[in-house]
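Each remark here refers to the structure printed beneath this line.
The values are calculated or read from the model by the stated rules, or taken from the named source; none is laboratory data. Since the model is a prediction, treat every value here as computed from it, not as a measurement. Note that each Cβ is placed from the backbone with ideal geometry, even for glycine, and that neighbours are counted across all protein chains shown.
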Number of protein chains: 2
Amino acid sequence: MSDPLRLGIAGLGTVGRGVVRIVQRHGELIAARAGRAIEIAAVSARDRSKDRGIDLSALAWEDDPVALAQRADVDVFVELVGGSDGVAREATEAAIAAGKDVVTANKAMLALHGQALAGLAEARGHVIRFEAAVAGGIPVVKALTEGLAGNAITRVMGVMNGTCNYILTRMESAGLPYETVFEEARQLGYLEADPELDVGGIDAGHKLSLLAAIAYGTKVAFPAVELEGIGKVRIEDIRHAADMGYRIKLLGVAQMTGRGLEQRMSPCLVPADSPLGQLQGGTNMVVLEGDSVGQIVLRGPGAGEGPTASAVMSDVIEIARGTRLSTFGQPAATLRDPVPARATAPAPHYLRMTLVDKPGALAKVATVLGDEGISIDRMRQYQHSDTSAPVVLVTHSTTRDAIDHALSRLPATGVLTGEAVAIRIEKV
Amino acid sequence: MSDPLRLGIAGLGTVGRGVVRIVQRHGELIAARAGRAIEIAAVSARDRSKDRGIDLSALAWEDDPVALAQRADVDVFVELVGGSDGVAREATEAAIAAGKDVVTANKAMLALHGQALAGLAEARGHVIRFEAAVAGGIPVVKALTEGLAGNAITRVMGVMNGTCNYILTRMESAGLPYETVFEEARQLGYLEADPELDVGGIDAGHKLSLLAAIAYGTKVAFPAVELEGIGKVRIEDIRHAADMGYRIKLLGVAQMTGRGLEQRMSPCLVPADSPLGQLQGGTNMVVLEGDSVGQIVLRGPGAGEGPTASAVMSDVIEIARGTRLSTFGQPAATLRDPVPARATAPAPHYLRMTLVDKPGALAKVATVLGDEGISIDRMRQYQHSDTSAPVVLVTHSTTRDAIDHALSRLPATGVLTGEAVAIRIEKV
């Protein structure tokens, strides 16, 4: 059996604690599988005296993650500090410079600096692995990078922020408005310190951009992700969607179209009886589609101590076994610049608007839609007040451009009260 | 870039044709991902003149798979002949002896001889990979061997025979008896030449035994799998199950209990609204449970040219990338002899029986169940003839032993007409 693989773990929050627990609990099991022992040489965290419920007495301590990353007795730097920049990035760069492999759960850092970091590491023959950064315990980075490596990937989709899915699920089941459930989620501690990372779709967008790079052999292009959070999802949209057999999910879609790479993270309607539609609460789901394999669906816990630590250990054991993969499935230097395309893949759309209650109102709307080449699949008018009526339409497949043109022309018809809302219906 | 990796493909049926197509179609994509070109050096099949819709003109031909396995210009022997013994095994052994790595889709061969073949290969520093042997296009071997390597696996479950799931789904949706749907499936070409491989649970049992070896670090123990096919599943059981919120699936379960390794492949009831319960038609699903990760669900096509070839290519690209994994996740020489345990994990059970229509009949049944420590969760009596009444019970959690004791005592009560049927309800 080879020498032990020695870890330096920076960050002892939920995930770091989980990694320490697995290494301490499963030493024998892991050694049997990895072909060598895995040991923790040293750790680093903000507060040495804090009781974390784990025994750190046998481990060296560094106050400074950068010093940890540079220790001679560390083979793999495990970055669990978080944050796109600052000490996480500094320590990761230091680890690479010092000749270490890196395992990280840091989606923000990789979404913004993954290209540069992977380039640095690969130029020196080191690896950066990040299974824990995307969809928690689901081994989706591995499935996409390796399991589907023989496929031209046609689409990647995912519900990858458990907090948003919890909020949307809870809105539907309890019939509560967004603001109320948002406040509940905050009190339950489900939200990041900056909640916009969750509900604005940023965190999920980071993850999508990482999967897109692997899927299409393109540089990570997080700024090109079209981001729309869940803050505008109204309880009546959830109800109308359910009424027509759909659920609303914060869905990420990465797709290579004739015009370029489309990356969207936005609320979408999906069939209520599809695997994505049936996903409840904080669970994550990723759908991978390839030209040979067809559709693969992966479902599992997207966060939490055990699941995320499990993903970190997958990368650590991979390195211990001697597997050396490029961060994004092919050398960073060979990744192409993606041509960003804005929502060009056509799809049916859900439209909600409130019409003044007078003859000919619907005809005017239908005319505008028809002028833009949008045909109507289904329409429902709901119970209404004396003066206005909520109307919900499902269109046949059309582009976002056509929808946006139509929406911009609708106010001029004079038959709408308030704004019309359009949500894409993703075929799943 | 390194030298090309050269394949020798034995077997040009559905899967072999698919592999040739992927290599020919995606040369550039695969080379970018693998870091080297992948080429087909030579092929072998039964009939050279057969038109397979693929261009073999540039490839060397061998009539004998053993000769193919020994060719100097072959690096990886791709075994797609099938069958547990005969030429598949002979050629695989020849390939190992000749210093080749092996990629195979052959579950039967590995379930019966995997331990010996892996031992042979590993003693010589070669690898045998078999992603395509289990659940077609779903990268489940990789997910279990690598993605969950940091977990003590607590349970592996799977619906891994698409034909059986098609038959059970179709029985429910069309309300047809087993025999009719079996005949339909035969005419559609869904069944193996020996249908017992499918409907007897043997094929799915092979797959389960391979996953169990990885999960628990034990030698492949296919003969220890408790096999029960779907031939005894009656349409009324499917109906009664649906009536109580369940579906019947041919479900494989591998679980390490206090008494040893339990491996079952048998019809089970699962909640209709669970991912397993919602699985329709020929799709496969594998559920992996680990102590840290919790539950991961993988869903995808379990058979067919594209999906199976995709899995073969995953292994080929893994080898091209330089990854060298033990066949079962740890060296074959270190796999332990499993202690087989027969269905000791307790579970609720579904019981169906027909009682004579006279006072006290149900009380006698309840007494027998009570004597065996079996308590009743739910009971339904269905519309009946003048002289007898079908009764369906769902028990609380109990062992198969207790159920079997009760079943053996029921005839002596004199209140049953016909046989009582018991089906396990697996908690999913």
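Which one is modelled with the lowest pLDDT among residues in segment A:268-311 that are polar (S, T, N, Q) and over 15 Å from the mean Cα position of the chain (by Cα)? For segment A:268-311, the residue satisfying everything is A:Gln280. Taken over segment B:276-309, the criterion of being in contact with a helix residue (DSSP H, G or I) (Cβ under 9 Å, 6 or more places away or on another chain) and acidic (Asp, Glu) is satisfied by B:Asp291, B:Glu305.
Within the option set B:Leu112, B:Leu7, being part of a helix (DSSP H, G or I) and closer than 25 Å to B:Gly329 by Cβ holds for one residue only, B:Leu112. When segment B:310-347 is limited to residues that are more than 9 Å from every other protein chain (Cβ to nearest Cβ) and charged (D, E, K, R), the one that is nearest to A:Glu318 (Cα to Cα) turns out to be B:Asp315. Please work out which residue is farthest from the other protein chains (Cβ to nearest Cβ), limiting yourself to segment B:294-309 and to residues that are of a type in the set (Gly, Ala, Ser) and surrounded by 24 or more Cβ atoms within 10 Å (Cβ to Cβ). Top of the filtered list is B:Gly302.
With respect to B:Leu191, determine if the residue is touching a residue at least 12 places away in the same chain (Cβ under 8 Å) and either surrounded by fewer than 22 Cβ atoms within 10 Å (Cβ to Cβ) or outside the structural domain of B:Leu261 (by TED's automatic domain parsing) (or both).
Against the criterion (touching a residue at least 12 places away in the same chain (Cβ under 8 Å) and either surrounded by fewer than 22 Cβ atoms within 10 Å (Cβ to Cβ) or outside the structural domain of B:Leu261 (by TED's automatic domain parsing) (or both)), B:Leu191 qualifies.
Matching residues to (1) surrounded by fewer than 24 Cβ atoms within 10 Å (Cβ to Cβ); (2) farther than 30 Å from A:Leu325 by Cα; (3) in contact with a strand residue (DSSP E or B) (Cβ under 7 Å, 6 or more places away or on another chain); (4) at pLDDT 95 or above:
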| position | (1), (2), (3), (4) |
| --- | --- |
| B:Met1 | yes, no, no, no |
| B:Glu28 | yes, no, no, yes |
| B:Ile38 | no, no, yes, yes |
| B:Asp47 | yes, yes, no, no |
| B:Ala69 | no, no, yes, yes |
| B:Ala91 | no, yes, yes, yes |
| B:His113 | yes, yes, no, yes |
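Residues in segment A:13-52 that are among the small types (Gly, Ala, Ser) and under 27 Å from the mean Cα position of the chain (by Cα) were compared, and the one that is farthest from A:Ala95 (Cα to Cα) is A:Gly18.
When you go through B:Leu288, B:Leu251, B:Leu269 one by one, which is the residue that is among the hydrophobic types (A, V, I, L, M, F, W, C), under 29 Å from A:Gly306 (Cβ atoms) and within 12 Å of another protein chain (Cβ to nearest Cβ)? Every option except B:Leu288 fails the conditions. Exactly one residue out of A:Gln278, A:Gln263 is in a loop (DSSP other than H, G, I, E, B), in the same structural domain as A:Lys219 (by TED's automatic domain parsing) and either under 22 Å from B:Leu288 (Cβ atoms) or in contact (Cβ under 8 Å) with a residue 40 or more places away in the chain (or both): that is A:Gln278. The residues of segment B:126-147 that are more than 7 Å from chain A (Cβ to nearest Cβ) and over 15 Å from A:Gly137 (Cα atoms), listed by number, are B:His126, B:Val127, B:Ile128, B:Arg129, B:Phe130, B:Glu131, B:Ala132, B:Ala133, B:Val134, B:Ala135, B:Gly136, B:Val141.
Scanning segment A:57-88 for residues that are in a loop (DSSP other than H, G, I, E, B) and in contact (Cβ under 8 Å) with a residue 40 or more places away in the chain, which turns out nearest to A:Glu318 (Cα to Cα)?
Residues of segment A:57-88 in a loop (DSSP other than H, G, I, E, B): A:57-59, A:63-64, A:71-75, A:80-85.
Pick out the ones that are also in contact (Cβ under 8 Å) with a residue 40 or more places away in the chain and you get A:71, A:73-75, A:80-82.
Details: A:Arg71: 22, A:Asp73: 19, A:Val74: 16, A:Asp75: 13, A:Leu80: 18, A:Val81: 21, A:Gly82: 22 Å.
Filtering first and then ranking leaves A:Asp75.
Checking the conditions here, which among B:Leu251, B:Leu210 is at pLDDT 95 or above and closer than 27 Å to B:Ala272 by Cβ? The conditions single out B:Leu251.
Look at B:Asp243 and say whether it is surrounded by fewer than 24 Cβ atoms within 10 Å (Cβ to Cβ), at the interface with chain A (Cβ under 10 Å from one of its Cβ atoms) and either touching a residue at least 60 places away in the same chain (Cβ under 8 Å) or over 24 Å from B:Glu179 (Cβ atoms) (or both). Judged against the criteria, B:Asp243 is not a match.
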